[in-house]
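Written below as structure tokens is the structure these notes are about.
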Amino acid sequence: MTPAQPAPLRKAVVPAAGMGTRFLPATKATPKEMLPVVDKPAIQYVVEEAVSAGLTDILMITGRNKRALEDHFDRNQELERILQDKGDQDRLRKVRATNDLAALHYVRQGEPKGLGHAVLCAAPHVGDEPFAVLLGDDLIDPRDPLLARMAEVQRDHGGSVIALMEVDPAQIHLYGCAEVALTKDADVVEVTSLVEKPQPGQAPSNLAVIGRYVLSPAVFDALRDTPPGRGGEIQLTDALERLLATGDEPIHAVVFKGRRYDTGDRGDYLRAIVRLACEREDLGADFRTWLHQYVTQSLPHSP
Ligand code: UTP
């Protein structure tokens, strides 16, 4: 008898309940995931990425300002009627595009007790199947698809799959960090240990955990057993390290070399907007001309 094929990955969890303190006061009444990157909120890029990787059921973990998130993916009949009456078909199409992207569900994380706690809030919805996690403020350029490759690695190896990116060793203390062993695939490594925000000089590598995961449902038990860690928050990285320590399931990682923007960081947020605006067909030509002039004529020259 041939073993049963693993169920295809269907569900995505998108945590969007953080405090966004680095963006205050913009995030006082608006989730940081709703901040626009050119003319779409960051969260829309993330939901579109999940949909293009074939995920059909998306659970968003929301916090105190959940209204804006829910409204964005819901119909706005009044706005649609006004655009319709004006004959503004282009904008009407853009507004409607967000209504039916996927089956969207919402669950509230009562208190922002950390990313691990946010993922644990998804347990009743996810049930007993592998699921993807996409951080709502982490953008992966659609030209460099990552999630589909992670799903493939999960199908081949089982267990869980995370995404890693090489960073400047001086920056690794800002991330979860992985110790890894090579596999026969150049873009895949096996994770041997994980540490959240290692002390400078104590990082096992310069491979940083970025905001895409394909997780086994076994992570929920690990999360239930994980005490608050760094910053007093329940850390997903700590739960994955706990899962590794049981030896029951492997964790692999895809080493990502594409374009990624952490829109929760102000510098990266600005870089994402400039880069995406420069590349846009409708805005790029004018914006690039202005930017070139600004950089060459208006900015003081650095030494
Ligand atoms: P971050 O650590 O970047 O979010 O979490 P934060 O805590 O909002 O950031 P700052 O430092 O205060 O600016 C990564 C992702 O996990 C979500 C965030 O919304 C973000 O998408 N998150 C974080 C939750 O959903 N719940 C939490 O308790 C913490």
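The values are calculated or read from the model by the stated rules, or taken from the named source; none is laboratory data. These numbers were taken from a predicted model, which means no experiment stands behind them. Quick reminder, even Gly has a Cβ in these numbers, built from the backbone with ideal geometry, and neighbours come from all protein chains shown.
Only one of the listed residues (T27, T62) is hydroxyl-bearing (S, T, Y), within 12 Å of the ligand (Cβ to nearest atom) and within 18 Å of F131 (Cβ to Cβ). That residue is T62.
Based on this model, can you work out whether D39 counts as under 18 Å from D262 (Cα atoms), more than 16 Å from the ligand (Cβ to nearest atom), free of Cβ contacts under 8 Å to residues at least 40 places away in the same chain and surrounded by fewer than 20 Cβ atoms within 10 Å (Cβ to Cβ)? Here the answer is yes, as D39 does meet what is asked. Listed conditions (1) at pLDDT 95 or above; (2) within 26 Å of L276 (Cβ to Cβ); (3) of a type in the set (A, V, I, L, M, F, W, C) are all met by L174, apart from (1). In the range 200-211, the residues that are within 10 Å of C177 (Cα to Cα) and at pLDDT below 95 form Cβ pairs under 7 Å with partners that are part of a strand (DSSP E or B) and among the polar types (S, T, N, Q), at six or more places apart or across chains, as follows: P204/S193.
Can you say whether L79 is touching a strand residue (DSSP E or B) at 6+ places or on another chain (Cβ under 6 Å) and either surrounded by fewer than 18 Cβ atoms within 10 Å (Cβ to Cβ) or outside any strand (DSSP E or B) (or both), as far as the supplied structure shows? In short, no.
Criterion applied to R266, R271, R260, R242 was being exposed (fewer than 15 other Cβ atoms within 10 Å of the Cβ), in contact (Cβ under 8 Å) with a residue 12 or more places away in the chain and of a type in the set (D, E, K, R), and the one residue passing it is R266. The helices (runs of 4 or more DSSP H) found wholly in the range 112-187 include none carrying at least 1 residues that are in contact with a Gly (Cβ under 7 Å, 6 or more places away or on another chain) and either buried (at least 24 other Cβ atoms within 10 Å of the Cβ) or among the hydroxyl-bearing types (S, T, Y) (or both). Scanning the range 130-147 for residues that are away from the ligand (no atom under 15 Å from the Cβ) and at pLDDT below 95 returns D141, P142, R143, D144, P145. Where residues in the range 42-59 are in contact (Cβ under 8 Å) with a residue 60 or more places away in the chain and among the acidic types (D, E), which of them is nearest to the ligand (Cβ to nearest atom)? Across the range 42-59, the extreme among qualifying residues is E49.
The condition of being touching a residue at least 12 places away in the same chain (Cβ under 8 Å) and under 30 Å from P36 (Cα atoms) holds for only one of V188, V167, that being V167. Among the residues of the range 193-214, the ones that are of a type in the set (A, V, I, L, M), under 27 Å from K11 (Cβ atoms) and in contact with a helix residue (DSSP H, G or I) (Cβ under 9 Å, 6 or more places away or on another chain) come to 5 in all.
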